[in-house]
Amino acid sequence: MNLKKTFLPLVNPLSKENPVIVQVLGICSALAVTAKMEPALVMTISVTAVLALSNVIISLLRNTIPTSIRIIVQLVVVAALVVIVDQVLKAWNYEVSKALSVFIGLIITNCIIMGRLEAFALNNRPWQSFLDGIGNGIGYGVILVIISFFRELFGSGTLMGYQIFPQSWYEAGYMNNGMLILPPMALILAGCIIWVH
């Protein structure tokens, strides 16, 4: 029973308390970075890392942060982590860094991160806060990957940049659905996922 309670912050965000399809947070990046799977995966890893680490840091500092400046402290912690993630991404995968461009910087204002810091990290211990960060990051990422899977597959005919549909299909008259690449289709797919959920 105690073990189950310990891992609830890790498991609940995957479905029951998913930040995107239940709490409807982080929708902006679902629209912006899901035309291809690679940027969606990198955004998932980036948000998960920033969320988990910022949750731990704020949890460690929670008893020393004056209430009047808690939001400023949270923003400074998140901003520092985002700069680190951005620099690592530029060093290791510059092309994806260019594709994500401004969206990595916008992690600073991601409502999932600020919401979890306020709702969880300020009230819980570091280990629980870490699990909450990982769970919410993965819950967010699962939705991004599902949306990007359908958008890239049927919008471009590729997955992770590899051609999926054979050339013979195109010669026989098959055409990619260019509408799936447009941002409104990400919102429609998110709506379908919410409906199925």
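The values are calculated or read from the model by the stated rules, or taken from the named source; none is laboratory data. Since the structure is predicted, the reported quantities are computational estimates derived from the model, not experimental observations. All Cβ positions, even for glycine, are placed from backbone atoms using ideal geometry, and neighbour counts span all protein chains on display.
Some points to look at:
- Single match in Ser148, Ser97 (criterion: among the polar types (S, T, N, Q), within 25 Å of Pro183 (Cβ to Cβ), in a helix (DSSP H, G or I) and at pLDDT below 90): Ser97
- Selection status of Ile188, β-branched (Val, Ile, Thr), crowded, with 17+ Cβ neighbours inside 10 Å and in a helix (DSSP H, G or I): no
- Qualifying residue in region 162-176 (condition: surrounded by fewer than 18 Cβ atoms within 10 Å (Cβ to Cβ) and in contact (Cβ under 8 Å) with a residue 60 or more places away in the chain): no
- Within the set Leu81, Leu61, the sole residue that is crowded, with 17+ Cβ neighbours inside 10 Å and of a type outside the set (Gly, Ala, Ser) turns out to be Leu81.
- Single residue of Asp132, Asp86 found to be in a helix (DSSP H, G or I), among the charged types (D, E, K, R) and touching a residue at least 24 places away in the same chain (Cβ under 8 Å): Asp132
- Between Leu3, Leu25, the distinction of being modelled with pLDDT under 85 and assigned to a loop (DSSP other than H, G, I, E, B) belongs to Leu25 only.
- Taken over region 93-129, residues that are without any contact (Cβ under 8 Å) to a residue 24 or more places away in the chain and aliphatic (A, V, I, L, M) amount to 2.
- Residue among Ala35, Ala30, Ala40 that is under 19 Å from Ser156 (Cβ atoms), assigned to a loop (DSSP other than H, G, I, E, B) and of a type in the set (A, V, I, L, M): Ala35
- Number of the exception - Arg70 against (1) closer than 26 Å to Ile193 by Cβ; (2) in contact (Cβ under 8 Å) with a residue 40 or more places away in the chain: (1)
- Checking Leu144 against (1) more than 19 Å from Gly26 (Cβ to Cβ); (2) among the aliphatic types (A, V, I, L, M); (3) within 16 Å of the chain's Cα centre (by Cα), the condition it does not meet: (1)
- Test result for Thr48, outside any helix (DSSP H, G or I), among the hydroxyl-bearing types (Ser, Thr, Tyr) and either in contact (Cβ under 8 Å) with a residue 40 or more places away in the chain or touching a helix residue (DSSP H, G or I) at 6+ places or on another chain (Cβ under 7 Å) (or both): no
- Conditions (1) under 26 Å from Leu8 (Cα atoms); (2) modelled with pLDDT of 90 or more; (3) in contact with a Gly (Cβ under 7 Å, 6 or more places away or on another chain); number of the one not met by Gln163: (1)
- The residues listed here are Arg116, Arg70, Arg125; of these, the one that is surrounded by fewer than 18 Cβ atoms within 10 Å (Cβ to Cβ) and either among the aliphatic types (A, V, I, L, M) or touching a helix residue (DSSP H, G or I) at 6+ places or on another chain (Cβ under 7 Å) (or both) is Arg125.
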